[in-house]
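Colleague: To start, I am sharing the structure in question, which I have written as structure tokens.
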Amino acid sequence: MINSMNRVVKGFLIGLVLIAMAIVPACKSKKSPAPNVAPTETTATVPNVPTVTTTTETRVTNPPDFVQTQPAPQITTETLPNDIEELNRVAEQRGYLQDAFYAFDESTLTSDSQAALTASANWLRRNTQYNLLVEGHCDERGTEQYNLALGDRRANSAKEYMVALGVDTNRIRTVSYGEERPFDPGHDEAAWAKNRRAHLVIVGK
Amino acid sequence: MIRHPLIRPSATFSRGRRLSYSAPSPWVRGCVVTLILFLANSLHAQTQIHPEINRQQAAAIVRIAVPRPETILPLEAIESPFFAPLTRDLAASGVFAIAPIPPNIPANADLAKAANAEFVLALKITQDGADTILEARLITATGLTPFGRRYRGVPAVLTRMAHMLANDLVREMNGQPGIFLSQIGFASNRTGHFEIWLMDWDGTNQRQITTHNALAILPSWSADNDRMAYTLFSGGRSEMYIINRRGGGRIHVQTGVGLNTSATFSPISNDIAFVGSVAGNPDIYVIRDDSTNLRRLTSSYSIESTPEWSPNGRQISFTSGRSGTPQIYVMDAEGTNVQRLSFEGEWNDDATWSPDGEQIGYTSRVSGRFQIRIANVITRQSRIIAGEGSNEQPTWSPDGRWIAFQSNRSGAWQIYRMRIDGTDLTQLTFDGENKEPDWSKKAE
């Protein structure tokens, strides 16, 4: 009986020693970090989530969180310059306002012109602090006096299209320059095509 | 208010009024009547064949010798301000042919014989205090003096005296006033901006009459030659303005509609016809010069443009795209009775009436280029006056013999003048770009 008890205790002790032997080196290795492990590696292993790209990425960068940034349209509004000429340059460069182009002796809108005016109208609806002047222009091939009337019709066709898309009609004025102020002074179709247009100009708040 | 120093009355007109006219003696008048009767009689037989051509041919054979004036003044004080414009006027009159002058013969009947001329124009310029006095006499080969007249004014009006004398000589021959005091209004960008300018009929004396530093175009004379309407682009708007040579500043005609281009004065009332636009529909409108009584004359959805009154004020020509291309139409001044006038050419515009109301000149595209076309209002038959480049915006001289127009044949828009048969082409402007000529309505 005592023998059997001793065997049990002996076996327990041996087990304890084995466990202790197993634990001690583990504790030792924790206290002294391996010198050959680079710190960058550890940080790289922490955020495992971004490696899953594609669709989930937008959800991660836009969390319903307290660190709220402004939505995109407001950022662009705030970065627009106060100077009206600079503002027009920026609006043209970034495509906020896009001119509409026309066929010879025509004031109807092509699909390209409609797309340009749709983009412009969208921007104008978001930026209600600005008013617009639409200039009608013609190429040099017509006669001056008739072209002044044609430019008036072009400017108004562009205006009406944007009004139909929800821009307040009181925010848009029109003027016709006929062939008085060509964008391209050339005398070929490339120049003429550039000069047959409704040119959109921001005229202030 | 912007002043127009060059058309203030004090500049030219008050001085001009000081020119005096001494009526010819009864004897001279008798001679003139005889001469006119003689000319009328000689013309009458030919009239039945082809009146227009023969009247001009008969008039063109009046040879006149014009020796330099007898004067104590230095030659350079007379030559370019007086003698050059006088001989230029007479040579272009369509009435006189200037005869070469044999040397060393005084200005009398002998000179007429020697030069084989019907008349010698004997000129004498003297000084009387501050005034310069011009005496002009026509002397025939037989020693008669059918015309004698004296002009007085300060030296600055010598050129005006030359034009007046030429006008009087033309009237003496054919009963029609000369055009040598008429003016051509136009738009020029030689200052960097298009402004309204004026020049004498021969292209001299070019002067700026607006200073907007913006875009001022399309000048148009009133029937009395006192006012000019034009379109000013400023602040993204185009508006109608009137300036008056007798002062009063610039008047803004408030139409209440857009565009306000192609303004043109009625020859018989205070109305101004122009192109107005509401919601992108350009139409012909009429408004009184005090900005009241706006009326819309056309109501087509197509583009209407470029109105011009007939000389009697009863009709208005205009351009309309209602047929698919710009064409010339004529309507009654109330907007009724619209009739199409032009059927040739795929783009016609800029109609302008001859002073007698029988013809309309307009810009007409032929083979891709614009040319001046002249059409008979009744028969609608037309002919082209062809030239190099594009030729646009014709305007008739008050005597109906000349047309001024703009052409880009030199590479830039310039104003030219020619006879209505296309001959005697003369370039009138050279600096910058010059366009939209409008010839004054009265010979004055």
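The values are calculated or read from the model by the stated rules, or taken from the named source; none is laboratory data. Nothing here was measured: the structure is a model prediction, and the numbers come from that model. Cβ placement follows ideal geometry from the backbone for every residue including glycine, while neighbour counts extend to all protein chains displayed. To get the accessible areas, we keep the full protein, side chains included, count just its heavy atoms, and leave off ligands, DNA and RNA. Shrake-Rupley method; radii C 1.70, N 1.55, O 1.52, S 1.80 Å.
Colleague: Could you run the numbers on buried accessible area between B and A, total for both chains, 1.4 angstrom probe, in Å² to the nearest 100?
Modeller: Looking at B and A, the buried total is near 2500 Å².
Colleague: Something else: List for segment A:120-147: residues with 50 Å² or greater reduction in accessible area, all protein chains versus chain alone, probe 1.4 Å?
Modeller: Buried on complex formation: A:Thr143, A:Glu144, A:Gln145, A:Tyr146.
Colleague: What is the distance in Å between the Cα centres of segment B:203-262 and segment A:147-205?
Modeller: 24 Å
Colleague: List the DSSP H helices in chain B whose Cα atoms stretch 20 Å or more along the helix axis and whose mean Kyte-Doolittle hydropathy is at least 0.0.
Modeller: Helices meeting the criterion: B:26-47.
Colleague: While we're on this one: For segment B:375-406 and segment B:287-362, what is the separation of their Cα centres, given in Å?
Modeller: Rounded to whole Å, the Cα centres lie 16 Å apart.
Colleague: Quick one: net charge around B:Arg207, please, counting Lys, Arg +1 and Asp, Glu -1 for every other residue with C-beta under 11 Å from its C-beta.
Modeller: For residues surrounding B:Arg207, the net value is -2.
Colleague: Give me the percent relative contact order of chain B, please, defined on Cα pairs under 8 angstrom at least 6 residues apart.
Modeller: Reported as a whole number, the value is 10 percent.
Colleague: While we're here: Can you tell which of B:Ala214, B:Ser188, B:Thr204 lies farthest toward the positive end of the dipole of segment B:145-236, using +1 and -1 charges on the Cβ of basic and acidic side chains (Lys, Arg; Asp, Glu)?
Modeller: B:Thr204
Colleague: Next question, about the same structure. Report, as an integer, the average count of C-beta atoms from other chains found within 10 Å of each Cβ along B:299-306.
Modeller: That works out to 4 on average.
Colleague: Give me the percent of the accessible area of segment A:127-205 that comes from carbon and sulfur atoms, probe 1.4 Å, all protein chains in place.
Modeller: Of the solvent-accessible surface of segment A:127-205, carbon and sulfur hold 50 percent.
Colleague: OK, next. Per residue in segment B:266-281, which ones lose no less than 10 Å² of accessible surface when going from chain alone to all protein chains (1.4 Å probe)?
Modeller: Buried-area filter returns B:Ser277, B:Ala279, B:Gly280.
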